[in-house]
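Enquirer: If you scroll down you'll find the structure; I have some questions about it.
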2 protein chains.
Amino acid sequence: MSPNASQLNINQQLVQDLLLGRWADERRDSRDRMKNPEYHKIEGQPYTEHRERTLGQLQALVDEHAVQKAFPSRFGGEDNHGGNIAGFSELVLGDPSMQIKAGVQWGLFGAAILHLGTEQHHEAWLPQIMDLSLPGAFAMTEIGHGSDVASLATTATYLPESDEFEIHTPFKAAWKEYLGNAALHGRAAVVFAQLITQGVNHGVHCFFVPIRDDNGEFLPGVGGEDDGVKGGLNGVDNGRLHFTHVRVPRTNLLNRYGNVDENGVYTSPIESPGRRFFTMLGTLVQGRVSLSMSSAVTSALALTGAITYGNQRRQFNASSDTEEEVLLDYQLHQRRLIDRLARTYADMFSANTLLEKFDEVFSGAADDDDNRQELETLAAAIKPMTTWNALDTLQEAREACGGAGFMAKNRFASLRADLDIYVTFEGDNNVLLQLVGKRLLTDFSKELSNMSVGVLSRFVADRASEAVVQRSGLRRVVQTVQDVGSERKSANWFKDPEVQRALLTDRVRVHVTEIGTAMMPVAKKSQAEQARVFNENQFQLIDAAKAQAVLLQWETFTEALDQVKDEDTRTVMTWLRDLFVLNEIERDLGWFIENGRISQQRARTLRGYTNRLAARLRPYAQDLVDSFGFEQDHLRMDVATGEEQVRQEEAAEYFRRLRADGNAPLDEKVLNARRKAEAKAARKAEAKAGKR
Amino acid sequence: MSPNASQLNINQQLVQDLLLGRWADERRDSRDRMKNPEYHKIEGQPYTEHRERTLGQLQALVDEHAVQKAFPSRFGGEDNHGGNIAGFSELVLGDPSMQIKAGVQWGLFGAAILHLGTEQHHEAWLPQIMDLSLPGAFAMTEIGHGSDVASLATTATYLPESDEFEIHTPFKAAWKEYLGNAALHGRAAVVFAQLITQGVNHGVHCFFVPIRDDNGEFLPGVGGEDDGVKGGLNGVDNGRLHFTHVRVPRTNLLNRYGNVDENGVYTSPIESPGRRFFTMLGTLVQGRVSLSMSSAVTSALALTGAITYGNQRRQFNASSDTEEEVLLDYQLHQRRLIDRLARTYADMFSANTLLEKFDEVFSGAADDDDNRQELETLAAAIKPMTTWNALDTLQEAREACGGAGFMAKNRFASLRADLDIYVTFEGDNNVLLQLVGKRLLTDFSKELSNMSVGVLSRFVADRASEAVVQRSGLRRVVQTVQDVGSERKSANWFKDPEVQRALLTDRVRVHVTEIGTAMMPVAKKSQAEQARVFNENQFQLIDAAKAQAVLLQWETFTEALDQVKDEDTRTVMTWLRDLFVLNEIERDLGWFIENGRISQQRARTLRGYTNRLAARLRPYAQDLVDSFGFEQDHLRMDVATGEEQVRQEEAAEYFRRLRADGNAPLDEKVLNARRKAEAKAARKAEAKAGKR
């Protein structure tokens, strides 16, 4: 088929450094640790045993001092927030259950104490949390309320007579649900509840609540259920908790953002209850950051397996009678895997950017309200993309390996099962995207409100006239007319980063403007009316948010390219970036044409161009996955070992020998053709004889 | 939000009859059986135990006389091919492992004996196969060859001296792989191998080969490995088999389509080796039929769970301060679930049509070459759509239920894991679609070859000029000009079945013509050159095949509508059909615009229309899933029990009582507002006092 000679030299080390980002050292340390079989998931292990194994792994991580980086140095930590998440995200290579249980213990339970508590709480509990002698649960989600934390129904009522809070779940929907460490191992929980004192509800706050005694029995008033088997992550003991008038000392309120004194008087450094709530929740953004990182790592792992296999496996002999085609030479296989390779690079770079922003805020280097909000929005955009992409990539990789992809020994299906929940926990992806969309709308309305009335009315008129122009099909297209019909020039246009940026930016802007414009007439109407119109635009709002996320990913990819000084490497990575963005434009091509951003005639050239881009990248696919830097102890997939190559060679050698020895049976088709020819010759001879 | 009053009455019984199709009785029988807990999957059961349980379930099915329908009546069967698959497809409701192991035993192992063997083979083995006293494996796939069966490398060489065949796997890539019943329970196997006699290879034939003795030990020359844990279907004992010079009597060749006599002379009723091969493989199409049916059933099950839950669950209070929104009132939730509901109806109807075609051929009612080929192509189109759709639907349903969707007790993730392999076994979906594409290309070239040379050159010229027209953007669009800009008229256009048919048909035609035209210049060139050009169009060929599959689904849906005599029911089902097709057009909108099939201005109205269609269907969503006819013993999902509704009511009642008793704490925000108002009043009073 196509010639696969690679003419450019990719500097793998350089690419790897770029992919691993600022905390490459921490990531490499963590990866080294993950080569130890002690940390590896045992496929098919019954879930009860798996849970105990996972707990043991957490203890081993403690013993190796591998998970304390984010905590204060005076407790033996390193105050290194970025490095902590970087190392943590690689734990997924061992067993996602271990990662998530570690995340529950230190990233949620411990982090709540650290970020929502104050000095006394740190002193009292952090050391035991860090060394795992106090395993805990993070009791936020309720059966009746997942993503809508503000509405949760568990109450914490201050009782001045005993200087205690009473934690209470008034009905079943208020039971805490899906909590890691709740079914078995948790001795305490940080419980989110509506803080009520002096008859006033001050909104959701967090309380430290012991739940089990030293024998593992529930304390009085505490009850729960085991969630049992799940779709994945069965090393984590998820469960439900409920509280019946359970009392804790007043000082168990984690009081950094809100305090109650012994008289029951509530005070907070943040006056607005809304801002206070979001500030408190904001401290928990690291879950989203680490899921983004881990998802990108897992996509990379899956593609390393599938592309290695696709480079060795042969199937169907299309172009030759004796040799079958290598899978990755098929156009379809290229589009299935190389497209996703491009996207995985984008996932990696955007997760790195998110991590840097996280560290900026949490290290205190740039911890202001604006930056915190930016971090929130970035996380809300990147986490959905990376987690969904991981599921899609794992699935395509598994399918690209056929039946082999389904075997546990190739891990695709197992990883997919474990990562499945990543798309709805730590913020349901669609809810997060709606957050992004609302933020975009807020920016839009700020822009509007900054305009004088005259400008505003002109702006609206402009929008209206634009709509009219679009309807009548006269809208000016972005490219110049003389490009029309020329495929080569079209490719130049599509690969121009300024064109790419304009297309991606415009898409966000138009979506948001359309929704904003639809919302304006009801801005002063009733809440119900506003909600109705908002809902009529919800599907588009999610599109807008996804478009924004892709733009952010494109920007981080493009920024990464700027750092590549090696020319060959930059060339190949630029193709990869182009494939990433053009693939996305291809997916949403209808929008770009119908809004006059891409002309019909140019659109017709796009598919051919992306096909060629994928083919151009094909010789470098192995280099590009090898650059992820995984070793066999990380991959642990038969398809990635090269055993397929060995089998192929053994088979080819067998047939070569057979032909050389003259022992190959004759194919019936060949025999038939030969007989036909003989019969024809015989007839000829007869005819000739007859003539004589 | 939107008013949800349903004004039309859906006749659920009528819809159910239509969905269950011609063999509704067999399906209902099978469903009744599947209510028995004995047949239910136990989530989290270790795979070794699961395997034994599944074997026991198969025996129970035998005892209930539930799986013998397809076999000849003289052996206690019913010669009922359609009814057999209909009943079989509902086994998925118990445990997909049971379905697949039953499929291995009776649909593959037994069916090979039945369809490829002759009288003597039927007498010798069918009774034992039917009563499970002879469990067997279907040894087709090899490690080195999945979908390319013609290339498999196991040999069966006739030895005249002993009147035997020698079965041999010459290298590791030729080992038989992923065979159900091979790891543990199989006593024999039907082995596909290259039949060699008198130095000629007559291609792939099938042989009956005993593999284990009565103690379960491998017979001499036979070996194997256990595939161990898989991504799903862990009740099936998949494994590998290899044969080292294993001899079987000559008469163990299943000789319906090819025989070897005691002198080693090969004869076949089908002269062409190619046609013979496809005829033999064609007898095994029932696997694809039953996977299509089962996938549609599983999608229906998942949506019953998710839509029931979406109709009860509330989250976020957008339009009211006291009441949260029901999930299914959100536009996004409607598009996520109701769109897939429409597609599931299409899956059901198209699978039914496939089953009828299958019965036509296998009952002998219309068993000719053309009809067999049509059956093959239909199966190759419908199986990929229904199986992929099932995975996508299960995933969306699981995500739509949030964390609850991940719990084993709601089964989404478990079913998804089990059905994962459906997309690559019994023919890899992409390989099947390529078959469909090639068939379309063959039809195209037949059309061409039927034209006289003059017509042909004109045809090609037409194509060229069409291309020119398209490039210059002057192509006449399908709709008339006066509709432009009117959304209401646009909706009329989109919902016109003739427009829908034209759009879907055109898409197939244009794709195929483009590929065919690209292939024409190399028609006389080398095999390698043809392969290269074919490969450059492979991605588009798959698109063409998918487009064809959607067209077929649309046709079966539309035919089903014709059978609905109840007006209200037909109205709602027509909306559903419209949503199915418009959703697909929305997904591929770029193609329709760039090829001038839909104008830019009309395209801009599509999203709004599909949103409104989904909203219009929303009040009927519950009726439409209830029409599937599942009972709680089939669903076995917490989300489908109505317990969410009970929790919601308990919570609402609690808050109502609190408000009524005057015990509700005051919200801090309300308090702040009240204080502000008081302060303002005080200032006013002061000012007033000051004035005095």
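Enquirer: Report whether or not A:E678 is open to solvent by 40 Å² or more (accessible area, probe 1.4 Å) and within 23 Å of A:E325 (Cα to Cα).
Expert: No, not satisfied.
Enquirer: Looking at the range A:613-621, is at least one residue in a helix (DSSP H, G or I), within 30 Å of A:K41 (Cα to Cα) and modelled with pLDDT of 95 or more? I'd like the intermediate steps shown before the answer.
Expert: Narrowing the range A:613-621 to residues in a helix (DSSP H, G or I): A:613-621.
So of that shortlist, the ones also within 30 Å of A:K41 (Cα to Cα) come out as A:621.
The next check asks that each one be modelled with pLDDT of 95 or more; those that pass are A:621.
The answer is yes, given that some residue of the range A:613-621 is in a helix (DSSP H, G or I), within 30 Å of A:K41 (Cα to Cα) and modelled with pLDDT of 95 or more.
Enquirer: From the list B:S290, B:S268, pick out the single residue that is in contact with a Lys or Arg (Cβ under 9 Å, 6 or more places away or on another chain) and either in contact (Cβ under 8 Å) with a residue 60 or more places away in the chain or among the β-branched types (V, I, T) (or both).
Expert: Answer to the check: B:S268.
Enquirer: Let me ask something else. Among the candidates A:S449, A:S414, A:S490, which residue alone is out of contact with any Phe, Trp or Tyr (no Cβ under 8 Å at 6 or more places or on another chain), surrounded by 18 or more Cβ atoms within 10 Å (Cβ to Cβ), modelled with pLDDT of 55 or more and hydroxyl-bearing (S, T, Y)?
Expert: Criteria check complete, one pass: A:S414.
Enquirer: Hey, among B:V15, B:V92, B:V62, which residue is over 30 Å from B:D568 (Cβ atoms) and crowded, with 21+ Cβ neighbours inside 10 Å?
Expert: On the way: B:V15 fails: over 30 Å from B:D568 (Cβ atoms); B:V62 fails: crowded, with 21+ Cβ neighbours inside 10 Å.
Checking each option against the conditions leaves just B:V92.
Enquirer: Any residue in the range B:641-654 that is in contact with a Leu (Cβ under 9 Å, 6 or more places away or on another chain) and either touching a residue at least 40 places away in the same chain (Cβ under 8 Å) or under 21 Å from B:E399 (Cβ atoms) (or both)? Lay out the reasoning, then the answer.
Expert: Start the filter on the range B:641-654 by keeping residues that are in contact with a Leu (Cβ under 9 Å, 6 or more places away or on another chain), which leaves B:641.
The next check asks that each one be either touching a residue at least 40 places away in the same chain (Cβ under 8 Å) or under 21 Å from B:E399 (Cβ atoms) (or both); those that pass are B:641.
Among the residues of the range B:641-654, at least one is in contact with a Leu (Cβ under 9 Å, 6 or more places away or on another chain) and either touching a residue at least 40 places away in the same chain (Cβ under 8 Å) or under 21 Å from B:E399 (Cβ atoms) (or both), which makes the answer yes.
Enquirer: A:S294 passes all but one of (1) in contact with an Asp or Glu (Cβ under 6 Å, 6 or more places away or on another chain); (2) open to solvent by less than 30 Å² (accessible area, probe 1.4 Å); which number fails?
Expert: All conditions pass for A:S294, except number (1).
Enquirer: Looking at the range A:598-615, which of the residues that are open to solvent by 30 Å² or more (accessible area, probe 1.4 Å) and either under 19 Å from A:D506 (Cα atoms) or not basic (K, R) (or both) is farthest from the other protein chains (Cβ to nearest Cβ)?
Expert: Across the range A:598-615, the extreme among qualifying residues is A:A615.
Enquirer: Go through the range B:115-125 and give me each residue that's surrounded by fewer than 23 Cβ atoms within 10 Å (Cβ to Cβ), of a type outside the set (D, E, K, R) and assigned to a helix (DSSP H, G or I).
Expert: B:H115, B:Q120, B:H121, B:H122, B:A124, B:W125
Enquirer: Looking only at the range B:658-692, which residues are of a type in the set (K, R) and within 10 Å of chain A (Cβ to nearest Cβ)?
Expert: Of everything in the range B:658-692, just one residue is of a type in the set (K, R) and within 10 Å of chain A (Cβ to nearest Cβ), namely B:K669.
Enquirer: Turning to a different aspect of this structure: Residue by residue through the range A:643-691, note down the ones that are within 26 Å of B:T157 (Cβ to Cβ) and among the acidic types (D, E).
Expert: Hits for the range A:643-691 are A:E649, A:E650, A:E653, A:D661, A:D667, A:E668, A:E678.
Enquirer: So which residues in the range A:297-329 are of a type in the set (F, W, Y) and surrounded by 24 or more Cβ atoms within 10 Å (Cβ to Cβ), if there are any at all?
Expert: A:Y309
Enquirer: How many residues are touching a helix residue (DSSP H, G or I) at 6+ places or on another chain (Cβ under 9 Å) and without any contact (Cβ under 8 Å) to a residue 24 or more places away in the chain if we restrict to the range A:49-73?
Expert: Selection size over the range A:49-73: 2.
Enquirer: Any residue at all in the range B:329-352 that's modelled with pLDDT of 95 or more, more than 27 Å from the chain's Cα centre (by Cα) and among the acidic types (D, E)?
Expert: Yes; the residues of the range B:329-352 include at least one that is modelled with pLDDT of 95 or more, more than 27 Å from the chain's Cα centre (by Cα) and among the acidic types (D, E).
Enquirer: Which of (1) over 17 Å from A:L116 (Cβ atoms); (2) in contact (Cβ under 8 Å) with a residue 24 or more places away in the chain; (3) surrounded by fewer than 19 Cβ atoms within 10 Å (Cβ to Cβ) does A:L281 not meet, given it meets every other one?
Expert: Answer for A:L281: the failing condition is (1).
Enquirer: Name the single residue that is nearest to A:Y309 (Cα to Cα) among those in the range A:629-640 being touching a Leu at 6+ places or on another chain (Cβ under 8 Å) and in a helix (DSSP H, G or I).
Expert: The residue in question is A:L635.
Enquirer: Being more than 7 Å from every other protein chain (Cβ to nearest Cβ) and farther than 19 Å from B:L93 by Cβ is the filter here; which residues of the range B:402-412 pass it?
Expert: Matches in the range B:402-412: B:A404 only.
Enquirer: Select from the range B:417-430 the residues that are more than 7 Å from chain A (Cβ to nearest Cβ) and not hydrophobic (A, V, I, L, M, F, W, C) and write down the one among them that is surrounded by the most Cβ atoms within 10 Å (Cβ to Cβ).
Expert: Result: B:Y422.
Enquirer: Quick one: B:D367 ticks every box in (1) under 30 Å from B:G77 (Cβ atoms); (2) part of a helix (DSSP H, G or I) except a single one, so which number is it?
Expert: The single condition B:D367 does not satisfy is (2).
Enquirer: Among what's in the range A:573-597 and is assigned to a loop (DSSP other than H, G, I, E, B) and at the interface with another protein chain (Cβ under 9 Å from one of its Cβ atoms), pick the residue that is modelled with the highest pLDDT. Steps first, answer last, please.
Expert: Going through the range A:573-597, the residues assigned to a loop (DSSP other than H, G, I, E, B) turn out to be A:588, A:595-597.
Applying the additional criterion that residues be at the interface with another protein chain (Cβ under 9 Å from one of its Cβ atoms) yields A:588, A:595-596.
On the way: A:D588: 97, A:N595: 90, A:G596: 89.
Filtering first and then ranking leaves A:D588.
Enquirer: Failed condition for A:R247, given (1) outside any loop (DSSP other than H, G, I, E, B); (2) within 35 Å of the chain's Cα centre (by Cα), with all others met?
Expert: Going through (1) outside any loop (DSSP other than H, G, I, E, B); (2) within 35 Å of the chain's Cα centre (by Cα) one by one, A:R247 breaks only (2).
The values are calculated or read from the model by the stated rules, or taken from the named source; none is laboratory data. These numbers were taken from a predicted model, which means no experiment stands behind them. Every residue, glycine as well, gets a Cβ built from its backbone with ideal geometry; the counts of neighbours run over all protein chains shown. For accessibility, only protein heavy atoms count, side chains too; no ligands or nucleic acids. Shrake-Rupley method; radii C 1.70, N 1.55, O 1.52, S 1.80 Å.
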